[in-house]
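Enquirer: Handing you this structure, nothing more for now.
The values are calculated or read from the model by the stated rules, or taken from the named source; none is laboratory data. These numbers come from a predicted model, not from an experiment. Cβ sites come from the backbone with ideal geometry, for glycine too, and all protein chains shown count toward neighbours.
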Amino acid sequence: MTKIFKFPKGFWWGSSTSAEQIEPSGNEPEAGKSKTIWNATFDDYHHRIFDGEYAQNNFYVKYKEDLQRAKDLNFNSIKLSFSWARIMPDGKSINEEGVEFYDNLLDECDKLGIVPFLELYHFDMPLWAQEMGGWTSDEVIEYFLEYAKFIFNRYGDRTPYWSAWNEPIVLVECQYWYQFHYPFEVNFQKGIKSMMNINKIHCLVTKILKDINPDYKMGIYLNITPAIPRSDSPEDLQAAKFAEMIQWRSFADPLIKGKFPQELYNHLKANGAWPEDIDIDEYNKLFEESQKLDFMGINYYTTLRVKAPEGEIDWSDKEKVLPNTHLFNDYKKEGIRMNPYRGWEVHPKSIYDMLTTLKEEYNNIPCFIAENGMGVENEDRFRNEKGFIEDDYRIDFINEHLYWVWKAIEEGSSCSGYHMWSYIDNWSWLNSYKNRYGFYELDLKTNERKPKKSASWIKGVIKNNSIEIDEEKIQL
Ligand code: BG6
């Protein structure tokens, strides 16, 4: 029998997006924006992008109608990012046209009563900055701080909720470990250096924000997947511990507790994998002295199943060191629920486990679910005779996740909202438009947006501030 589960009053309901994934209408940067690493990927590594399609949502032009669509779903909030390459195309001068776009966009949010949660960076490095060395470069840090200063001075009062980073581990691992993002390098130490610089930048940017107004809130968006070990053996448990340390505690600990995970540092240092020019004491001092996170956004899509690394671990060849060979191995468990289109396990209960971990180990830091969603290929097959997509799988997916969010809140989690990725089908870094996530379908031929069945479902959920589900059918 279904029961109703109510969310707390004032719950944040909405969606997350990112500039590079929705603003463009093709590979040519428009209106004064400069090229990013994604244009370079498209130009030089075309084969890495599914079907060779570049982003074409054209939110840059359609933001008013798209925000109205958000309002139509009863959203009270939305996560947006600024494009650094649009605001400061060469890192120094301001592109007035770009600034005007964000002025208008934020005016529109205001008009519609949608609170924007704003990010400075969402995987979209300007190409010139990457050519200087990206997040491994001190010079790039200086440029980024100037950009942050500009944004906070201009837009600081547009929202209380700020963040420099979205899923920082993703950019570290994709750029320097597993070759998914430009420059597609394999260099463990560059990854660690970027990781430490990201933490450092967070601290410096927080100071800039708080100097302007101490009441502005600084958060971060982390994909804090709990690692599930293959077994209870000490080796598997240790692998899970290392996996969590490298995947998310490497950011959560410095920015909430003021210290980088010591065990991870000791292990990497002892094996000669810690970069020599990174003095951990210096970084820890900065973390300790800096103002801690005001809130955390959690992006949750799938699990991290791990086992102890197999075979002899050889740390001597620095070029071959990788987290998923030297600290843990990925573990493919048979018979689990999968989203085959993305290759991701569907495990709603992990969202509860994560919220519980934050409650118990991170002082129940104010948090919300900032991204969660399900990308499905070829949704056309679910189109009904009236021409609309009936995405019941998306409704079930979100409903189940929301149940576990509700349960965590019921048990004391400070989770205060749920943002779905992403309300209109959007461009994905490598899968392009293959997997669709939206409550609205994007027609690539006409650029039209059309509601799917889940659109009216979520609208009702938000209106009632509750979900309806049969608890007995919930899988553990
Ligand atoms: C999150 C990112 O990791 O996952 C988004 O913040 C991304 O930018 C989303 O699009 C879904 O992943 P993908 O690779 O299927 O687009």
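Enquirer: So which residues in the range 381-407 are in a loop (DSSP other than H, G, I, E, B) and of a type in the set (D, E, K, R), if there are any at all?
Expert: Within the range 381-407, E385, K386, E390, D391 meet the criteria.
Enquirer: Here's another thing I want to ask about it. Give me the pairs, please: first residue somewhere in the range 324-348 and touching a residue at least 12 places away in the same chain (Cβ under 8 Å) and closer than 21 Å to S428 by Cβ, second residue anywhere and within 14 Å of the ligand (Cβ to nearest atom) and small (G, A, S), beta-carbon distance under 8 Å, and either six or more positions apart or on two chains.
Expert: Short answer, once both residue conditions are applied: N339/G375; Y341/G375; R342/G375.
Enquirer: If you check N187, N199, N213, which single one turns out to be surrounded by fewer than 17 Cβ atoms within 10 Å (Cβ to Cβ), out of contact with any strand residue (DSSP E or B) (no Cβ under 9 Å at 6 or more places or on another chain) and polar (S, T, N, Q)?
Expert: Every option except N213 fails the conditions.
Enquirer: Ok, one more. Which residues, counting only those in the range 152-172, are farther than 16 Å from S250 by Cβ and touching a strand residue (DSSP E or B) at 6+ places or on another chain (Cβ under 6 Å)?
Expert: If the condition is that a residue be farther than 16 Å from S250 by Cβ and touching a strand residue (DSSP E or B) at 6+ places or on another chain (Cβ under 6 Å), then T159, P160, Y161, W162, S163 are the ones that fit.
Enquirer: Given the criteria away from the ligand (no atom under 16 Å from the Cβ) and of a type outside the set (S, T, N, Q), does L222 qualify?
Expert: Answer is no for this residue.
Enquirer: Just the residues that are in contact with a Lys or Arg (Cβ under 8 Å, 6 or more places away or on another chain) and not in a helix (DSSP H, G or I), please, taken from the range 240-271.
Expert: G258, P261
Enquirer: Can you tell which of K3, K9, K92, K71 is more than 29 Å from V405 (Cβ to Cβ) and away from the ligand (no atom under 16 Å from the Cβ)?
Expert: K92
Enquirer: While we're here: Which of the following residues is crowded, with 18+ Cβ neighbours inside 10 Å, outside any helix (DSSP H, G or I) and aliphatic (A, V, I, L, M): I313, I351, I336, I369?
Expert: Going through I313, I351, I336, I369 in turn, the sole match is I369.
Enquirer: Considering only residues that are within 14 Å of E472 (Cα to Cα) and hydrophobic (A, V, I, L, M, F, W, C), which ones fall in the range 392-406?
Expert: Correct list: W404 only.
Enquirer: Take M196 and tell me if it is away from the ligand (no atom under 16 Å from the Cβ), in a strand (DSSP E or B) and in contact with a Phe, Trp or Tyr (Cβ under 6 Å, 6 or more places away or on another chain).
Expert: In short, no.
Enquirer: Residues W427, W406: which one is in contact (Cβ under 8 Å) with a residue 12 or more places away in the chain, surrounded by 17 or more Cβ atoms within 10 Å (Cβ to Cβ), out of contact with any Ser or Thr (no Cβ under 9 Å at 6 or more places or on another chain) and over 17 Å from W344 (Cβ atoms)?
Expert: On inspection, the qualifying residue turns out to be W427.
Enquirer: Further question on the same structure: Please go through the range 31-56 and give me each residue that is among the acidic types (D, E) and within 15 Å of W427 (Cβ to Cβ), ordered by number.
Expert: Across the range 31-56, the qualifying residues are D51, E53.
Enquirer: Now for a separate question. Name the single residue that is farthest from M420 (Cα to Cα) among those in the range 16-58 being among the aliphatic types (A, V, I, L, M) and within 16 Å of the ligand (Cβ to nearest atom).
Expert: Per the stated criteria, the residue is I37.
Enquirer: Just to be sure I understand, how many residues within the range 272-307 are crowded, with 16+ Cβ neighbours inside 10 Å and either within 16 Å of the ligand (Cβ to nearest atom) or more than 25 Å from N166 (Cα to Cα) (or both)?
Expert: Residues that pass the stated criteria total 11.
Enquirer: Cβ-Cβ under 8 Å, sequence separation 6+ or interchain: first residue in the range 223-238 and farther than 28 Å from G297 by Cβ, partner assigned to a loop (DSSP other than H, G, I, E, B) and among the aromatic types (F, W, Y). Which pairs?
Expert: As it stands, the answer is R230/Y331, since those pairs meet every condition given.
Enquirer: Just to verify a result, which residue in the range 159-181, among those that are more than 15 Å from the ligand (Cβ to nearest atom) and under 23 Å from F42 (Cα atoms), is surrounded by the fewest Cβ atoms within 10 Å (Cβ to Cβ)?
Expert: The residue in question is W177.
Enquirer: What pairs come up if the first residue lies in the range 369-390 and is of a type in the set (V, I, T), the second is within 14 Å of the ligand (Cβ to nearest atom) and in a loop (DSSP other than H, G, I, E, B), and their beta carbons are under 7 Å apart, counting only those six or more places apart or on different chains?
Expert: Pairs that qualify, where the first residue is of a type in the set (V, I, T) and the partner is within 14 Å of the ligand (Cβ to nearest atom) and in a loop (DSSP other than H, G, I, E, B), are I369/Y300; V376/Y341.
Enquirer: Go through the range 51-69 and give me each residue that's surrounded by 16 or more Cβ atoms within 10 Å (Cβ to Cβ) and not basic (K, R).
Expert: E53, Y54, A55, Q56, N57, N58, F59, Y60, Y63, D66, L67, listed by residue number.
Enquirer: I'm trying to understand the selection: among the residues of the range 303-341, which are modelled with pLDDT of 95 or more and on the phi > 0 side of the Ramachandran plot?
Expert: The one that is modelled with pLDDT of 95 or more and on the phi > 0 side of the Ramachandran plot: G335.
Enquirer: Could you tell me which numbered condition N431 fails, if it satisfies all but one of (1) on the phi > 0 side of the Ramachandran plot; (2) in contact with a helix residue (DSSP H, G or I) (Cβ under 6 Å, 6 or more places away or on another chain)?
Expert: (1)
Enquirer: Among A40, A19, which is small (G, A, S), at pLDDT 95 or above, under 24 Å from the mean Cα position of the chain (by Cα) and surrounded by fewer than 23 Cβ atoms within 10 Å (Cβ to Cβ)?
Expert: A40
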